[in-house]
Amino acid sequence: MVNKIRSCVLISGNGSNLRSLIKSSRDYNFPIKIQLIISNNPNAKGLRFAKQYSIPYKFFPSDNKEKFERNSLFEIKKRKIKFLCLAGFMKILSKNFIKTFGYKIVNIHPSLLPKYKGLNTHKRVLKSREKYSGCTVHLVTPKLDSGKIILQKKTLIDKNETENSLKTKILKQEHKLYPQSIISVFK
Ligand code: GRF
(Lines give C-alpha, C1' and ligand atoms only; values in the text may rest on other atoms or scores of the structure.)
Protein backbone atom coordinates (compact mmCIF):
# COMPACT_ATOMS: atom_id res chain seq x y z
CA MET A 1 0.00 0.00 0.00
CA VAL A 2 1.56 3.26 -1.08
CA ASN A 3 -0.59 5.84 0.66
CA LYS A 4 -0.95 4.79 4.25
CA ILE A 5 -3.10 7.00 6.43
CA ARG A 6 -1.01 9.14 8.75
CA SER A 7 -2.10 8.13 12.24
CA CYS A 8 -1.52 8.84 15.90
CA VAL A 9 -2.04 6.57 18.92
CA LEU A 10 -2.96 7.98 22.33
CA ILE A 11 -1.95 5.97 25.39
CA SER A 12 -1.81 6.22 29.17
CA GLY A 13 -0.31 2.92 30.29
CA ASN A 14 1.24 -0.38 29.25
CA GLY A 15 0.77 0.04 25.53
CA SER A 16 0.32 -3.60 24.61
CA ASN A 17 -2.36 -2.59 22.08
CA LEU A 18 -0.04 0.12 20.79
CA ARG A 19 2.57 -2.56 20.24
CA SER A 20 0.18 -4.74 18.28
CA LEU A 21 -0.81 -1.76 16.12
CA ILE A 22 2.82 -0.85 15.47
CA LYS A 23 3.55 -4.44 14.44
CA SER A 24 0.54 -4.61 12.12
CA SER A 25 1.28 -1.23 10.62
CA ARG A 26 4.61 -2.54 9.39
CA ASP A 27 2.77 -4.86 7.01
CA TYR A 28 2.79 -3.52 3.49
CA ASN A 29 -0.99 -3.73 3.12
CA PHE A 30 -2.01 -2.39 6.52
CA PRO A 31 -3.93 0.87 5.94
CA ILE A 32 -2.27 3.12 8.53
CA LYS A 33 1.18 4.32 9.45
CA ILE A 34 1.79 5.46 13.02
CA GLN A 35 3.54 8.80 12.81
CA LEU A 36 3.00 9.98 16.36
CA ILE A 37 2.33 8.63 19.85
CA ILE A 38 0.90 10.86 22.57
CA SER A 39 0.80 9.96 26.25
CA ASN A 40 -0.82 11.87 29.09
CA ASN A 41 1.34 9.91 31.53
CA PRO A 42 5.11 10.56 31.56
CA ASN A 43 5.71 7.07 33.00
CA ALA A 44 3.49 5.16 30.56
CA LYS A 45 5.30 1.91 29.88
CA GLY A 46 3.99 2.03 26.33
CA LEU A 47 6.36 4.90 25.55
CA ARG A 48 9.14 2.34 25.38
CA PHE A 49 7.62 1.05 22.14
CA ALA A 50 7.81 4.53 20.64
CA LYS A 51 11.51 4.52 21.41
CA GLN A 52 12.03 0.92 20.29
CA TYR A 53 10.39 1.52 16.91
CA SER A 54 11.68 5.10 16.50
CA ILE A 55 8.25 6.68 16.34
CA PRO A 56 8.00 10.33 17.41
CA TYR A 57 6.25 10.70 20.77
CA LYS A 58 5.02 13.45 23.04
CA PHE A 59 3.98 13.63 26.64
CA PHE A 60 1.42 16.25 27.62
CA PRO A 61 -0.06 16.34 31.14
CA SER A 62 -3.83 16.14 31.10
CA ASP A 63 -4.70 17.63 34.50
CA ASN A 64 -5.57 20.68 32.42
CA LYS A 65 -7.61 18.97 29.74
CA GLU A 66 -8.03 22.03 27.56
CA LYS A 67 -4.29 22.53 27.43
CA PHE A 68 -3.68 18.82 26.78
CA GLU A 69 -6.08 18.88 23.85
CA ARG A 70 -4.64 22.11 22.45
CA ASN A 71 -1.08 20.73 22.61
CA SER A 72 -2.14 17.42 21.10
CA LEU A 73 -4.09 19.03 18.26
CA PHE A 74 -1.11 21.23 17.45
CA GLU A 75 1.16 18.18 17.02
CA ILE A 76 -1.54 16.23 15.20
CA LYS A 77 -2.12 19.02 12.67
CA LYS A 78 1.58 19.67 12.27
CA ARG A 79 2.09 16.05 11.23
CA LYS A 80 -1.02 15.94 9.03
CA ILE A 81 -2.50 13.10 11.07
CA LYS A 82 -5.82 11.89 9.65
CA PHE A 83 -6.73 9.04 12.02
CA LEU A 84 -6.53 8.57 15.80
CA CYS A 85 -6.47 5.35 17.79
CA LEU A 86 -7.03 5.37 21.53
CA ALA A 87 -5.23 2.45 23.15
CA GLY A 88 -5.68 2.41 26.91
CA PHE A 89 -6.01 6.19 26.90
CA MET A 90 -7.68 7.06 30.18
CA LYS A 91 -9.21 10.47 29.40
CA ILE A 92 -12.45 11.36 27.68
CA LEU A 93 -11.86 13.62 24.70
CA SER A 94 -14.05 16.72 24.50
CA LYS A 95 -16.67 17.36 21.85
CA ASN A 96 -14.57 20.29 20.72
CA PHE A 97 -11.46 18.13 20.28
CA ILE A 98 -13.35 15.51 18.27
CA LYS A 99 -14.95 18.18 16.08
CA THR A 100 -11.73 20.15 15.55
CA PHE A 101 -9.78 17.02 14.62
CA GLY A 102 -12.47 16.23 12.06
CA TYR A 103 -11.41 12.68 11.12
CA LYS A 104 -12.19 9.26 12.52
CA ILE A 105 -11.16 8.33 16.07
CA VAL A 106 -11.38 4.73 17.28
CA ASN A 107 -11.09 3.14 20.71
CA ILE A 108 -10.80 -0.37 22.12
CA HIS A 109 -12.75 -1.36 25.21
CA PRO A 110 -12.51 -4.65 27.14
CA SER A 111 -16.20 -5.56 27.21
CA LEU A 112 -19.03 -6.45 24.88
CA LEU A 113 -20.35 -2.91 24.48
CA PRO A 114 -22.89 -1.49 25.08
CA LYS A 115 -22.51 -3.55 28.25
CA TYR A 116 -19.98 -2.48 30.89
CA LYS A 117 -18.89 0.92 29.70
CA GLY A 118 -16.31 2.70 31.83
CA LEU A 119 -13.75 1.44 34.33
CA ASN A 120 -13.28 -1.82 36.30
CA THR A 121 -14.96 -3.76 33.53
CA HIS A 122 -13.73 -7.27 34.36
CA LYS A 123 -14.58 -6.92 38.05
CA ARG A 124 -18.14 -5.89 37.23
CA VAL A 125 -18.54 -8.61 34.61
CA LEU A 126 -17.49 -11.30 37.10
CA LYS A 127 -19.67 -9.85 39.84
CA SER A 128 -22.67 -10.07 37.53
CA ARG A 129 -21.86 -13.72 36.79
CA GLU A 130 -21.85 -13.20 33.05
CA LYS A 131 -21.24 -16.23 30.87
CA TYR A 132 -19.40 -14.24 28.24
CA SER A 133 -17.33 -11.13 27.99
CA GLY A 134 -15.05 -9.82 25.26
CA CYS A 135 -13.77 -6.69 23.62
CA THR A 136 -15.06 -4.03 21.26
CA VAL A 137 -13.54 -1.54 18.85
CA HIS A 138 -15.79 1.44 18.27
CA LEU A 139 -15.84 4.96 16.88
CA VAL A 140 -15.24 7.67 19.46
CA THR A 141 -17.95 10.20 20.20
CA PRO A 142 -18.12 12.65 23.11
CA LYS A 143 -20.21 10.07 25.02
CA LEU A 144 -18.09 7.47 26.85
CA ASP A 145 -17.71 4.11 25.04
CA SER A 146 -20.83 4.80 22.98
CA GLY A 147 -19.91 5.33 19.30
CA LYS A 148 -20.74 2.97 16.45
CA ILE A 149 -19.32 -0.52 16.95
CA ILE A 150 -16.77 -1.59 14.34
CA LEU A 151 -15.93 -5.13 15.51
CA GLN A 152 -16.46 -7.22 18.60
CA LYS A 153 -14.97 -10.47 19.88
CA LYS A 154 -16.75 -12.69 22.37
CA THR A 155 -14.91 -14.75 25.01
CA LEU A 156 -16.28 -17.49 27.24
CA ILE A 157 -15.78 -16.91 30.98
CA ASP A 158 -14.35 -19.98 32.72
CA LYS A 159 -15.68 -21.33 36.00
CA ASN A 160 -12.61 -20.31 37.98
CA GLU A 161 -12.04 -17.07 36.13
CA THR A 162 -10.38 -14.25 38.11
CA GLU A 163 -10.17 -10.60 37.22
CA ASN A 164 -6.56 -11.13 36.21
CA SER A 165 -7.10 -14.23 34.10
CA LEU A 166 -10.00 -12.57 32.30
CA LYS A 167 -7.98 -9.44 31.67
CA THR A 168 -5.11 -11.49 30.20
CA LYS A 169 -7.44 -13.56 28.05
CA ILE A 170 -9.30 -10.56 26.66
CA LEU A 171 -6.15 -8.52 26.13
CA LYS A 172 -4.86 -11.30 23.88
CA GLN A 173 -8.05 -11.01 21.81
CA GLU A 174 -7.73 -7.22 21.75
CA HIS A 175 -4.34 -7.49 20.09
CA LYS A 176 -5.99 -9.25 17.14
CA LEU A 177 -9.26 -7.35 17.09
CA TYR A 178 -7.76 -3.86 16.98
CA PRO A 179 -5.74 -4.35 13.77
CA GLN A 180 -8.64 -6.25 12.16
CA SER A 181 -10.98 -3.39 13.00
CA ILE A 182 -8.68 -0.82 11.44
CA ILE A 183 -8.53 -2.87 8.26
CA SER A 184 -12.32 -2.96 8.20
CA VAL A 185 -12.59 0.83 8.76
CA PHE A 186 -10.60 1.50 5.59
CA LYS A 187 -12.06 -1.27 3.41
C1 GRF B 1 -7.09 -2.49 27.31
O2 GRF B 1 -7.78 -3.49 28.00
C3 GRF B 1 -8.05 -1.60 26.55
O4 GRF B 1 -9.17 -2.28 26.06
C5 GRF B 1 -8.48 -0.61 27.61
O6 GRF B 1 -7.31 -0.37 28.36
C7 GRF B 1 -6.43 -1.50 28.26
C8 GRF B 1 -5.12 -0.98 27.75
O9 GRF B 1 -4.12 -1.95 27.72
N10 GRF B 1 -9.05 0.56 27.00
P11 GRF B 1 -2.73 -1.62 26.98
O12 GRF B 1 -2.21 -0.31 27.55
O13 GRF B 1 -2.99 -1.54 25.51
O14 GRF B 1 -1.84 -2.78 27.34
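Summary of computed values
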{"item": "Solvent-accessible heavy-atom area per residue, rounded to whole Å², over segment 5-185 at 1.4 Å", "result": "54 Å²"}
{"item": "Accessible area of segment 23-164 belonging to carbon and sulfur atoms, whole % at 1.4 Å probe", "result": "50 percent"}
{"item": "Cα gyration tensor of segment 95-146 - equivalent ellipsoid semi-axes, whole Å, descending", "result": "27, 10, 7"}
{"item": "Partners for Lys65 among lysines (Cα-Cα distance below 19 Å; same-chain residues under 8 apart left out)", "result": "Lys77, Lys91, Lys95, Lys99, Lys143"}
{"item": "Mean-position separation - Cα centroids, segment 115-170 and segment 7-73, in angstrom", "result": "23 Å"}
{"item": "Aspartates and glutamates with Cα under 17 Å of Lys4, excluding same-chain neighbours fewer than 8 positions away", "result": "Asp27"}
{"item": "Backbone HN-Hα couplings from phi across segment 102-113 [Karplus 6.51/-1.76/1.60, Hz, Gly and Pro as x]", "result": "x, 10, 5, 10, 10, 9, 10, 10, x, 7, 8, 4"}
{"item": "Percentage relative contact order, the chain, counting C-alpha pairs under 8 Å, at least six apart", "result": "20 percent"}
{"item": "D (Stokes-Einstein, µm²/s), Kirkwood Cα radius, segment 5-185, 0.692 mPa s at 37 °C", "result": "198 µm²/s"}
{"item": "Residues Lys127 and Lys82, FRET efficiency given R0 of 30 Å [Cβ-Cβ distance, rounded to 0.05]", "result": "0.15"}
{"item": "Tilt relative to the chain, helix 65-78 - C-alpha long axis, 0 to 90 degrees, to 10", "result": "60 degrees"}
{"item": "Segment 1-108 shape via C-alpha gyration tensor axes, a/c threshold 1.5", "result": "oblate"}
{"item": "Cleavage-rule hits, trypsin sites (Lys or Arg not before Pro), segment 50-111, DSSP coil, Cβ neighbours within 10 Å at most 12", "result": "Lys80"}
{"item": "Tensor-based shape of segment 31-76 (alpha-carbon gyration tensor, a/c under 1.5 rounded, otherwise prolate or oblate)", "result": "oblate"}
{"item": "Nearest-ten-degree value, helix 16-25 long axis tilted from longest Cα axis of the chain", "result": "60 degrees"}
{"item": "Segment 15-55: chymotrypsin sites (Phe, Trp or Tyr not before Pro) in DSSP loop, at most 11 other beta carbons within 10 Å", "result": "Tyr28"}
{"item": "Nearest 10 degrees, 0 to 90: helix 163-185 Cα axis against the chain principal axis", "result": "50 degrees"}
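The values are calculated or read from the model by the stated rules, or taken from the named source; none is laboratory data. The structure displayed is predicted, hence computed values, not measured ones. Note: ideal-geometry Cβ built from the backbone for every residue, glycine included; neighbour counts use all protein chains shown. Accessible surface is based on the protein model in full, side chains and every heavy atom, while ligands, DNA and RNA are left aside. Shrake-Rupley method; radii C 1.70, N 1.55, O 1.52, S 1.80 Å.
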